[in-house]
Structure formats: C-alpha cells, structure tokens
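S.K.: Take a look at the following structure, please.
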Amino acid sequence: MQTYFTALFLTMAVEFGVYYLFLRCKPLKLLLYSVIINGLTHPLAFYLYSELYFKHDLNNNFNIYFLITEIIVFLAEIYPVKLLINISLKKAALIAFSANLVTAGLSFLF
Amino acid sequence: MNNLIITIVLLFVFGSVLKADLLPEGKKKISYSFEVTNTDSYPDYTFVAYPVNTSNGKPMLYGAILNAESKIELSCKFGVPVIYAVKTSEFNTQAFDSLNNIGNDDLRVKELKSFIETGKFIPSLKVVCSSYADRDAKYSFVEEQFRVESIETDTMVVRSVRTLYKDSQNNIIDAKDSKGNIRDDIVSPTEKYSSYLFIIIPLLALIGIVSIVLIRKMKK
C-alpha cells in the first residue's frame, strides 16, 4: 500500500501545483480541493486500471487501459473542479485536462 | 448451386483464419524470451508467470515457475503473462504442477486461473511482447530481462531493465536499457484487506465536496 499512497500524495501535490499555476490564489484552499478531488478520483481510477490491466489482455505495446483511465479521470474531475473552485466549466475542463496531462506524463518518467 | 455457395462461404471463412497466421506486410517472425532476475533476493517467495503460451498454433496456456536465470520463451499471442510472487509457504508446488499436467486445454486454463485467483498471489507487470520485427531488422531473437525491485505485503515492483537483440547466430547486436514500464506497481484488486480503502477514500472525498457546497450555501 505504501507505493499506492506515495502515488496518491504525489498526484495531489502535482495537481495542486497545476491548480495554483492557473489560478494564483488561496493556496491552502487549492491544496484542500486537490486532496478532495484526487481522493475522489484516484482510488477509483487505480482500481479501474488494475481491473482492466489484469482481466484483459494487452496485445501490443500501447497501453490502451492507461489512456482509457486517464480520459475517465479527466472527465470525472471537470465537475468537482468547477464546483469547488467556482469557475466556468470551460476553465474547469482546461485545468482538469492540464492537471491530468502532467500527472500522466510524470507516470511515464517515474 | 447450394454446394457452390457452401464452398465459397467455407473458402471465405477458412481464408480469413489462414490470413490471421500470415506475416503482416513488411514484417518477419522473431523469437522472444524473458527472464526475471534478482529473485534470489527474495528467498521466501516463489515467482510465477501465467498465462504462458509457447505454442505458435493452437493456444496452449500454462503456468511457469520462474527460477533465477531460467528463460521463458513466448509465442507472443493468446495470453499475456503476468509475473506473480507468492510466499513459498503458501504455494503448493505439487498442486501447481498437477494443474499444468491437465491434458484438456480449457480445463487446465480454468483450473490454473482459479488457482491464481484464490491464492495469495501478488501480481506485477504484464510481459507484453511481439513476435514480429521489421523485415530488414538484423535481429532474430529478443531477450528481455526483468528485475524484481521490491515486494511489499500486496505490491510487487518488477521493472524491465534490459532488452537484448540477437542475430540468428545468437550474437548480441544491440542492447537497450529501459527505465521500466508505466504503472508496473499495480496493487492487486483482489487483495481483500486493502480494498476498503478504495471505497472509504472516495466516500470521504464525496462527503468533503458536499460539505463545502452546503457550507457555502448556508453562508449566502
């Protein structure tokens, strides 16, 4: 579980960084929102990915399940971001997309 | 007339089946094998790969016990093996061997799958490979080396560390170091004691969202 929680806290920290880069205000509140939003989506995404990964065959080197999970997470985060940060849907989608793009990209590096 | 139609349909059906075994355009067939290193560092564990298919024709899936320096050859179709670790004290080698000796392919797959799912196996990465290379590639064999990095209660990290490309004379013509596959530190979804966290954390987060929204409304 240690590996999972490291991944979860890293995701929360990185997404907080992305939120702050976009909004530049109330860092503590943004950190709380990042914790809540990722607390909602990360465990479910992790579970979904594990289920997909182990129950279905990958027949080539492109990990389609990773992409599917990331798209679902991005879509699932739009509304909570809009609701909590109180911004337009378009901006929420942009922030959710950027945050997930950064965390997905980092998962290839580490 | 009916016979002609049946013949055309049969040719069409079997033609499709045969086509599936043909080489893709511009490709040649290569051999793939993998080995898992650093298993010696975990003497309390047995390492297993399942499902392993070595047949190039009809799928014949087996489970393989991974020993130090033993190479597993794969046909790279019909099943992508997952590398598992299991405490040796909780692994019944004789039962595993007897399941591997079941003659009926379907029954063997069913029994081995059930054996893995009901046992305390810790899954790690999937060995994804290809049995084709570009026709002008100089190599005919690919050997991938994986390394067991860590094992926790329900997590095992295995990384791809090196891929060797060999020609038909078994000479190494290229070697590639790799940083590792994405998300290879998968937590088993079947692990019972940790699964409640996957419900509690999102539930707490949901309560957090509802509370923030309600507090905001009350303040207005």
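The values are calculated or read from the model by the stated rules, or taken from the named source; none is laboratory data. Everything numeric in this text was worked out from a predicted model, so none of it was measured. Here Cβ is always computed from backbone atoms with ideal geometry, including for glycine, and neighbour counts include all displayed protein chains.
S.K.: What residue, among those in region B:160-184 that are in contact with a Lys or Arg (Cβ under 9 Å, 6 or more places away or on another chain) and assigned to a loop (DSSP other than H, G, I, E, B), is modelled with the highest pLDDT?
M.R.: If we take residues in region B:160-184 being in contact with a Lys or Arg (Cβ under 9 Å, 6 or more places away or on another chain) and assigned to a loop (DSSP other than H, G, I, E, B), then B:Asp167 is modelled with the highest pLDDT.
S.K.: Based on what the data block shows, is B:Leu74 aliphatic (A, V, I, L, M) and crowded, with 20+ Cβ neighbours inside 10 Å?
M.R.: Yes, satisfied.
S.K.: When you look at B:Tyr139, is it assigned to a loop (DSSP other than H, G, I, E, B) and touching a residue at least 12 places away in the same chain (Cβ under 8 Å), yes or no?
M.R.: yes
S.K.: Among the residues of region A:5-44, what is the count of those that are surrounded by fewer than 19 Cβ atoms within 10 Å (Cβ to Cβ) and within 19 Å of A:Ser88 (Cβ to Cβ)?
M.R.: Going through region A:5-44 one residue at a time, the tally reaches 8.
S.K.: Quick check, is B:Val109 in contact (Cβ under 8 Å) with a residue 24 or more places away in the chain, surrounded by 14 or more Cβ atoms within 10 Å (Cβ to Cβ) and part of a helix (DSSP H, G or I)?
M.R.: When the stated conditions are applied, B:Val109 passes them.
S.K.: Looking at B:Phe115, B:Phe96, B:Phe78, B:Phe121, which is the one that is more than 21 Å from B:Arg147 (Cβ to Cβ), within 14 Å of chain A (Cβ to nearest Cβ) and of a type in the set (Phe, Trp, Tyr)?
M.R.: Result: B:Phe78 is the single residue among B:Phe115, B:Phe96, B:Phe78, B:Phe121 that is more than 21 Å from B:Arg147 (Cβ to Cβ), within 14 Å of chain A (Cβ to nearest Cβ) and of a type in the set (Phe, Trp, Tyr).
S.K.: Let me confirm something: among B:Val109, B:Val86, B:Val80, which residue is within 28 Å of B:Thr153 (Cα to Cα) and at pLDDT 90 or above?
M.R.: B:Val86
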